[in-house]
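S.K.: Can you read through this structure? Questions will come right after.
The values are calculated or read from the model by the stated rules, or taken from the named source; none is laboratory data. For clarity, every value in this text was computed on a predicted model and none was experimentally measured. A quick note on method: Cβ atoms are made from the backbone with ideal geometry, for glycine too, and the neighbour counts reach across all protein chains shown. Heads up: the accessible areas ignore ligands, DNA and RNA and are worked out on the full protein's heavy atoms, side chains in. Shrake-Rupley method; radii C 1.70, N 1.55, O 1.52, S 1.80 Å.
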Amino acid sequence: MPNSLETNLNLSQNAITVLERRYLKKDNEGNVIETPEDMFRRVAKNIARADKLYDSNANLKDTEEKFYTMMSELDFLPNSPTLMNAGRELQQLSACFVLPVEDSIESIFDTIKNTALIHQSGGGTGFSFSRIRPKNDIVMSTKGVASGPISFMKVFNTTTETIKQGGTRRGANMGILRIDHPEIMEFITCKKEEGSMNNFNISVAITDKFMEALDKGEEYDLINPRTGKPVKKLKAKEVFEKIVELAWNNGEPGIVFIDRMNKANPTPLIGDIESTNPCGEQPLLPYESCNLGSVNLAKIAIKDHTGKAKINYKKLRDLVHNSVHFLDNVIDMNKYPLKKIEEMSKGNRKIGLGVMGFSDMLIQLGIPYNSEKGLQTGEEVMRFIAIEAEEASANLAGKRGTFPNFLGSIYDRPGGPKMRNATVTTIAPTGSISIIANCSSGIEPLFALCYTRNILDNDKLVEVNSIFKEVSETRGFYSPELMRTIAEHGSIQDITDIPEDVRRTFIISHDITPGWHVKMQSAFQKYTQNAVSKTINFPNHATKEDVKESYLLAYESGCKGLTVYRDGSRNVQVLSMKIKPKEDAKKSEKGDKSMQSLATKEELGSFKLQPRPRPMLTKGATIKMPTGCGHLYITINEDQTGLCEVFTRMGKSGGCAASQAEVTGRLISLALRAGVDTKSIVKQIRGIRCPSPCWDKGNMTLSCADAIGKAIEHYVEMNGSTSLDKSEVASFNLTGICPECPECGNMLEFSEGCVVCRGCGFSQCG
């Protein structure tokens, strides 16, 4: 295995971790066999080869060097499948696919088969289920009745559960249903129940007609897609309020403004846009794919002779032109999972160039994210990128020809540009590649300035945003104690030890009101041909009316869709353990492992622990936890002393799993009544894996033992049991309740329409 720590590239430790886990080539034993330099060289060399298709005398070495430089210097990175697969046997380079779902059994199961092939190759898929006839509608071939779109969504969901994307990316789907489909109310609520549709993001396709009815307080028609005729009317206000209620409840469904997407459809003669990719930023025709890439704006700000930062537009222009060249080459080098996808993708040659590191750039410029100047800067930068990207595509068209479906496109008009690509700009999720680039993700504000990172044996290490650390050291207010305080509380807005101008600039996501989030999305959407991936974060105390106002503002301000997340609205594990007291933290930093033992010799002496008798009267609760073997019902009881017993009962499953869960509960009960610290018990059983992990609402339960550990933590959080100091379990800070990464235990971030771990690169969306 190469020692990646010896790399000459300027990579953070997190970047190295993510690269080793997910991107670098491995041998059959799982050993890493390439360095980050090797990876970038592999990709650059492979993608440069496309130049020969258009110019037999092309200097591939120069093109390769150009591509290698912008990737290795972290100025630009393509989407993950390109980094993973270019120059390797798989050679599937696209992240986004949309497949059609027609109203027939044959078509539906063909699409399921194709979905499996795409997920195996590392892609994510989007579907519209709007063509499927509603439940109980007539089926002429069998004289029976239809089961409806939701039933078939469940089949897609189960298929995804069984497919692992080459061991590096997890299957992700977008499911969309039109607002005028007869089963729209069932669709809106289909993810309300625990564990339902866990492999889908869902969005409602909202029409302009519906928004007009909503504005006027009127009813609107539900249309049977089989006949095209109205079958029922609903009050627009009641449907909209149900969408708002469910989104407030757990973040889904999202919304897409489908008519607005089709007004921007560059090839209307080829077909209508029905769906998007899993995170909503890439509207695509059926069988289309798209490859994405992002320019790192954190590397664009430079200091002038006065020391003031400004945007280096010359560097940005060069990067945009080189990136468009790179992404156009990807289309030709791509090995598509289906012939139909290859034909459609090469017919329209869509690419999506976006940005990451925007928040970092604003901080370098001294501009608050939630300010008019912040909005103006975002709009100006994206306008510049859009103009240059279109110019770069036009230049390529002059050398290579327009995209094959150019005739009849929106560009096919007198004086219109001759374009190589039907679209050129997209603001895509950059969860993993922004970790590699060590910058903020997409156009999102910073999620945190300081946070705790799990290291060996559950010790905690405070990690500090590099720009904030540099400023705090330069301005003289840096201290380890202050960084721990920030990690514990999240925001710095009320910490008066930090200068006011620094507090104003270093804004995190939860300092920003939803209205500013929507305005920033709108500013970028104005000059983005496809759509913008972003999450509108709400505090836990936000009301349904707050969500409603954001949806309406998104429509009024020109957004193509919206994803919201209210802190603590999902039944997930908390962010991380609280920081230890200063004395203990110092010991951990010095590597003192005595903190990690269940009990020291001094505590135990020469006595053997004996459990106290079971009390006659206990109080407690039963928590239902999903596992790979079925639902596990975990009863946790306490007496006046504290937690005293744990009982388990497996749902419909039984046998070995049920007996193992039972014995685990009995042993935990003995340990609790013997006075063993609850946090030590939880530490031992949390994270234990079995061959059948279970995904539920985007979170993984690794085993029955892991489920019991989660249930105990949840009980303590909710009830404040005397046997476990809550300060040792949960951090209910300003960043709210967030899930732990199922792979590394660090915090997950809700951003860009997805969930991502910046510690190891895990992503719920692939």
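S.K.: Of ASP137, ASP62, which has the most accessible area with a 1.4 Å probe, and how do the rest follow in descending order?
M.R.: ASP62, ASP137
S.K.: Using a 1.4 angstrom probe on the protein heavy atoms only, line up ARG649, ARG131, ARG42 by accessible area, largest first.
M.R.: Listed by decreasing accessible area, they come as ARG649, ARG131, ARG42.
S.K.: Over segment 108-156, what is the relative contact order in whole percent, taking alpha-carbon pairs under 8 Å and six or more residues apart?
M.R.: 28 percent
S.K.: Using label points projected 7 Å from each Cα along Cα→Cβ, tell me how many nm separate ILE495 and SER56, to one decimal.
M.R.: Result for the modelled spin labels: 6.5 nm.
S.K.: Another question, if that's okay. If you count, for each residue, the other Cβ atoms within 10 Å and average over each peptide, how do 44-54, 497-507, 71-81 line up from highest to lowest?
M.R.: Ranking the peptides 44-54, 497-507, 71-81 by packing returns 71-81, 44-54, 497-507.
S.K.: Something else: Quickly estimate the mean residue ellipticity at 222 nm for the chain, helices only: each DSSP H run with n ≥ 4 gives -39500 (n - 2.57), and the total goes over all residues, rounded to 500.
M.R.: Numbers: 25 runs with 284 residues, N = 766.
My calculation for the chain gives -11500 deg cm²/dmol from helical runs alone.
S.K.: Rounded to the nearest 10 Å², what accessible area does LYS25 show when all protein chains are kept and the probe is 1.4 Å?
M.R.: 70 Å²
S.K.: Where the accessible area of the chain is counted over protein heavy atoms with a 1.4 Å probe, how much of it, in %, is carbon and sulfur?
M.R.: Answer for the chain is 51 percent, counting heavy atoms of protein chains only.
S.K.: Sticking with this structure for a sec: Can you list the residues, at least 5 places off or on another chain, whose amide H is less than 5 Å from the amide H of LEU446, using H built in the peptide plane?
M.R.: Placed amide hydrogens put SER509 under 5 Å from LEU446.
S.K.: Beyond a 20 Å Cα-Cα separation, which of these cross-linked pairs lie in this structure: LYS242/LYS544; LYS216/LYS526; LYS519/LYS560; LYS45/LYS66; LYS299/LYS519; LYS66/LYS299?
M.R.: Values: LYS242/LYS544 10 Å; LYS216/LYS526 27 Å; LYS519/LYS560 13 Å; LYS45/LYS66 10 Å; LYS299/LYS519 24 Å; LYS66/LYS299 17 Å.
From the list (LYS242/LYS544; LYS216/LYS526; LYS519/LYS560; LYS45/LYS66; LYS299/LYS519; LYS66/LYS299), the Cα-Cα distance tops 20 Å for LYS216/LYS526; LYS299/LYS519.
S.K.: Then there's this: Between segment 524-571 and segment 348-373, how far is it from one alpha carbon centroid to the other, in angstrom?
M.R.: 18 Å
S.K.: Using only the Cα atoms of segment 273-318, build the gyration tensor, take square roots of its eigenvalues as a ≥ b ≥ c, and label the shape rounded, prolate or oblate: rounded if a/c is under 1.5, else prolate if a/b is larger than b/c, else oblate.
M.R.: Judged from the Cα gyration tensor, segment 273-318 comes out prolate (a/c at least 1.5, a/b above b/c).
S.K.: Any idea of HIS631's accessible area? Nearest 10 Å², probe 1.4 Å.
M.R.: Its accessible surface works out to 70 Å², give or take rounding.
S.K.: Can you tell me what share of the DSSP beta bridges in the chain is antiparallel? A percent to the nearest 5 is fine. Don't skip to the answer; put the middle values down first.
M.R.: Values: 53 of 83 bridges.
Antiparallel: roughly 65 percent of the beta bridges in the chain.
S.K.: Something else about it: Taking a ≥ b ≥ c as the square roots of the eigenvalues of the Cα gyration tensor of segment 328-409, is the shape rounded (a/c under 1.5), prolate (a/b larger than b/c) or oblate?
M.R.: Prolate is the answer for segment 328-409, as a/c is 1.5 or above and a/b outweighs b/c.
S.K.: Another question, if that's okay. May I ask you to list the aspartates and glutamates whose Cα is less than 15 Å away from that of LYS154, ignoring any residue fewer than eight positions away on the same chain?
M.R.: Output for LYS154: GLU183, GLU186, GLU193, GLU194, ASP696.
S.K.: So who's got an amide H within less than 5 Å of the one on PHE538, skipping anything under 5 residues away but keeping other chains? H placed 1.01 Å off N, in plane.
M.R.: When sequence neighbours closer than 5 places are left aside, the close amide H contacts are TYR565, ARG566, ASP567.
S.K.: Give me D for the chain in µm² s⁻¹, whole number, from Stokes-Einstein with Rh from the Kirkwood sum over alpha-carbon pairs, 37 °C and 0.692 mPa s.
M.R.: 120 µm²/s
S.K.: When we measure straight from the Cα of LYS350, which aspartates and glutamates land under 19 angstrom away, once same-chain ones fewer than 8 places off are left out?
M.R.: Within reach: ASP51, ASP272, GLU274, GLU281, GLU288, ASP328, ASP332, GLU342, GLU388, GLU390, GLU391, ASP412.
S.K.: With a 1.4 Å probe and all protein chains kept in place, how do MET356, MET625 rank by accessible area, largest first?
M.R.: Ranked list, largest accessible area first: MET625, MET356.
S.K.: For segment 208-255, which semi-axes, largest first and in whole Å, follow from the square roots of 5 times the eigenvalues of its Cα gyration tensor?
M.R.: Over the Cα atoms of segment 208-255, the semi-axes work out to 22, 14, 9 Å.
S.K.: Continuing with this model, one more query. Counting only residues 5 or more places away or on other chains, whose amide H sits under 5 Å from the amide H of VAL462 once H atoms are built in the peptide plane?
M.R.: ARG453
S.K.: Can you list the DSSP H helices in the chain whose Cα atoms extend at least 15 Å along the helix axis and whose mean Kyte-Doolittle hydropathy is 0.5 or higher?
M.R.: Sorted by number, the helices that extend far enough and score high enough are 655-673.
S.K.: Quick one: grab the alpha carbon gyration tensor of segment 325-477, order the square roots of its eigenvalues as a ≥ b ≥ c, and give me rounded if a/c is under 1.5, else prolate or oblate depending on whether a/b is larger than b/c.
M.R.: Oblate is the answer for segment 325-477, as a/c is 1.5 or above yet b/c matches or exceeds a/b.
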